[in-house]
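Everything below concerns the one structure shown next.
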Amino acid sequence: MPHRTWLALLSLSIIYAGASCAQNYPARPIRIVVPFAAGGSTDVVFRILAPRLSENLGQPVVIDNRPGGAATIGMDQVAKSPADGYTLGVANLSFGANPFVLRKMPFDTEKDLVPVSLVTLVPMVLSVHPSVPARSVRELIALAKARPGSLNYGSAGNASANHLATELFKYMTGTDMVHVPYKGGGPAVVSIVGGETAVLFATIPSAVQHFKSGRLVGLGVSTPKRDPTLPDIPTVAEAGVPGYEVYEWQGVVVPAGTPNAVITRLHQEIVKTLALPDMKERFASVGAQAVGSTPEQLAAFIKKELAIWSKVVKTAGIHAD
């Protein structure tokens, strides 16, 4: 058989196999790897999404929490999984910052994982334990400057959204607070509610009930506009730090090499699920904004995040290892 004919047949067989795989997809349960502990905003968002996505796909969608390593342990597992659409990963703010915060990455952010859809945007709230004598952003800044190094702040781990948001706040305000990393947003919230830490940039889904019960005091929202879930809390920018803006976000990625038809099916079902009125309401009730996007839009979003955090990390001198 001539070499060119053999290559043509091989190419056709690969295309046919990919099309056949996509046509029968999904044929078994799908795993979503959340690279953080249960209870944090990313976990909350995907536990809301998973049951309805499961209904739309016709297969169980299981959440697998794999915290640690600044979210790289779980994402590395996704990057090294078979590219068949049965292992999905959850990218968030850390995904766009880790290449600049960490000295060594176990996978290539831009080559080993490919985008499927942006899922949500999540504001964070600069929060303090009720025992902290500050009831505004300006009062917290004054307290931190009067007692440099005496206040500690929690996070979901090194290079997590909470960590980066606080380091940016410290840089912009000239304050000094001590970082206490936990293995997820849930444990970080538990720590501040229990008084182990004093300050936390808490994502709204992970802490909204604590604000309403008075177990946490919200001082400022991280986004340019106030959040309708907590309308009485001003933005950090209007409360004393002009120009401050940070979003937590969540998106779905899959291993490079996943068939385009599978990515398209996943994208379509995720967007369809996010567009349901009751789903939008459920996300909004916990302070998350349902988005949905094309793979190309998420790729552009991640590229923008990488550009932003490369500058911020260098300027603020943020390191996680």
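The values are calculated or read from the model by the stated rules, or taken from the named source; none is laboratory data. Note that the structure is a prediction, hence the values are computed from the model and not measured. Counting neighbours? That spans all protein chains shown, and the Cβs are built from the backbone with ideal geometry, glycine included.
Show the residue pairs that are 6+ apart or on different chains and have beta-carbon atoms under 8 Å apart, the first residue being within the stretch 92-103 and more than 13 Å from residue 303 (Cβ to Cβ), the second being acidic (Asp, Glu) and buried (at least 23 other Cβ atoms within 10 Å of the Cβ).
Between residues of the stretch 92-103 that are more than 13 Å from residue 303 (Cβ to Cβ) and residues that are acidic (Asp, Glu) and buried (at least 23 other Cβ atoms within 10 Å of the Cβ), the close pairs are 92/248; 93/248.
Of all residues being in contact with a Lys or Arg (Cβ under 8 Å, 6 or more places away or on another chain) and modelled with pLDDT of 95 or more in the stretch 27-55, which is farthest from residue 121 (Cα to Cα)? Just the residue, please.
The qualifying residue farthest from residue 121 (Cα to Cα) is 33.
Kindly indicate whether residue 258 is in contact (Cβ under 8 Å) with a residue 60 or more places away in the chain, polar (S, T, N, Q), over 21 Å from residue 155 (Cα atoms) and not assigned by TED's automatic domain parsing to the domain that holds residue 130.
Yes: the conditions hold for residue 258.
Output the residues belonging to the stretch 130-153 that are under 15 Å from residue 197 (Cβ atoms) and part of a helix (DSSP H, G or I).
The answer is 140, 143, 144.
For residue 264, are the conditions met, namely being at pLDDT below 95, among the polar types (S, T, N, Q) and within 19 Å of residue 119 (Cα to Cα)?
The answer is no for residue 264.
Would you check if residue 239 is among the small types (Gly, Ala, Ser), closer than 25 Å to residue 33 by Cβ and not assigned by TED's automatic domain parsing to the domain that holds residue 142?
So residue 239 does not fit the description; no.
Tally time: how many residues in the stretch 220-248 are modelled with pLDDT of 95 or more and part of a strand (DSSP E or B)?
Result for the stretch 220-248: 3.
Output the qualifying pairs, or none if there are none: Cβ atoms under 7 angstrom, residues six or more apart or on different chains, first residue in the stretch 43-63 and more than 18 Å from residue 281 (Cα to Cα), second residue outside any helix (DSSP H, G or I) and charged (D, E, K, R).
Cβ pairs passing all conditions: 59/28; 62/31.
Give the residue, chosen from 230, 306, that is buried (at least 17 other Cβ atoms within 10 Å of the Cβ), of a type outside the set (D, E, K, R), under 21 Å from residue 43 (Cβ atoms) and not assigned by TED's automatic domain parsing to the domain that holds residue 173.
The match here is 230.
Only one residue in 49, 126, 121, 53 is under 12 Å from the mean Cα position of the chain (by Cα) and within 25 Å of residue 208 (Cα to Cα), so which one is that?
On inspection, the qualifying residue turns out to be 121.
On the given criteria, is residue 311 basic (Lys, Arg), more than 16 Å from the chain's Cα centre (by Cα) and over 29 Å from residue 87 (Cβ atoms)?
Taking the combined requirement at face value, the residue satisfies it.
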